[in-house]
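Everything below concerns the one structure shown next.
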Amino acid sequence: MAMQGKLTVYYGCMFAGKTSALIEYISKAGLRRNEFLVLKPAVDIRSGNRTITTHDGKSHECVIVEQDTDLNELITPFIRMIAIDEAQFFDKVFFSEVKRFLAKGIHVVAAGLDKDYLGRPFGLMPMLQTIATEKNHLKAVCNHCGKDAEYTYRKVDNKVLVLIGNANHYEARCESCYGRED
Ligand SMILES: [Zn+2]
């Protein structure tokens, strides 16, 4: 029976440096290329290709997980770590997969938005936070007052939940500035 893997989670609002933290974690782990996987959901096409990308331009190659991607084919016996970006876009089925990875002794590190732009719990993220071994709440800088920001404010009038965007669509805000309309 393999020892349970640990689950490290980086969560917070947009522009909090979650993907940067994930990329740094991957490089510090010092694993060989066949010992880890980097996954992101197909919904995030921001970078357009097989990379995870930060807002300030850092990137790392990854596997894009589609609805029909067979993860079993990717998990070779050599895999020791699985890094997941934009984890909020995964669903409950994927949560079972994560628990299965952990049961195999694989270390999982996940980064994602804990709240959507309406301040509601976002997708898989709260479930991951619940079972995480190590939780890191990353904060951005409030666009209005410069205090620590925990909320993602959507600047454009578009009610679609999944609007992949950047600084043109969103900004980070602290709790009090998030509640304001301007
Ligand atoms: Zn503020």
Relative to a virtual label point 7 Å from the Cα of residue 78 in the Cα→beta-carbon direction, which members of the stretch 103-136 show backbone nitrogen distances below 18 Å?
106-107
Extending each Cα 7 Å along its Cβ direction at residue 3 and residue 176, get the distance between those two points in nm, one decimal.
4.7 nm
Return the sequence-ordered ³J(HN,Hα) values of the stretch 28-43 in whole Hz as given by the Karplus equation 6.51 cos²θ - 1.76 cosθ + 1.60 applied to θ = phi - 60°, using x for Gly and Pro.
6, 5, x, 8, 6, 4, 8, 9, 8, 10, 10, 10, 9, x, 5, 5
The answer for residue 39, listing residues at least 5 apart or on another chain whose modeled amide H is closer than 5 Å to its amide H, is 63, 83, 84, 85
Once the convex hull of the alpha carbons of the stretch 55-123 is built, what does its volume come to per residue, in cubic angstrom?
114 Å³
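Tell me, 145, 13, 177 in order of fewest to most beta-carbon neighbours within 10 Å? Show your work: numbers first, answer last.
Working: 145 12, 13 28, 177 19.
Lowest to highest Cβ neighbour count: 145, 177, 13.
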If the cut-off is 28 Å between C-alpha atoms, which lysines fall inside it for residue 115, apart from same-chain ones fewer than 8 positions away?
6, 18, 28, 40, 58, 92, 99, 135, 139, 147, 155, 159
Taking Cα atoms, how many degrees apart are the long axis of helix 92-103 and the longest axis of the chain, rounded to 10 and kept between 0 and 90?
50 degrees
Quick check on the stretch 1-138: of the DSSP beta bridges with both residues there, what percent are antiparallel, nearest 5%?
15 percent
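Place the peptides 27-38, 74-85, 106-117 in order of packing, highest mean first, counting for every residue the other Cβ atoms within 10 Å and averaging per peptide. Let's see the in-between values first.
Numbers: 27-38: 12.5, 74-85: 17.6, 106-117: 22.9.
By packing density, highest mean first, the sequence is 106-117, 74-85, 27-38.
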With label points built 7 Å along Cα→Cβ from the Cα atoms of residue 118 and residue 67, find their separation and express it in nm.
2.3 nm
Take residue 99 and residue 168, extend 7 Å from each Cα along the Cα→Cβ direction, and tell me the distance between the two endpoints in nm.
4.1 nm
Karplus-derived 3J(HN,Hα) from phi for the stretch 127-136 (6.51 cos²θ - 1.76 cosθ + 1.60, θ = phi - 60°), whole Hz, x at Gly and Pro, runs 5, 5, 4, 4, 9, 5, 7, 9, 10, 10
Note on the stretch 7-139: alpha-carbon gyration tensor, axes a ≥ b ≥ c; rule is a/c under 1.5 for rounded, else prolate if a/b larger than b/c, else oblate; result rounded
Between the alpha-carbon centers of the stretch 37-106 and the stretch 1-26, tell me the distance in whole angstrom.
12 Å
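Read-outs: derived from the displayed coordinates by stated rules, not from any lab. All figures in this text were calculated on a predicted structure; none of them were measured in a lab. Positions of Cβ are backbone-derived with ideal geometry, glycine not excepted, and every protein chain shown enters the neighbour counts.
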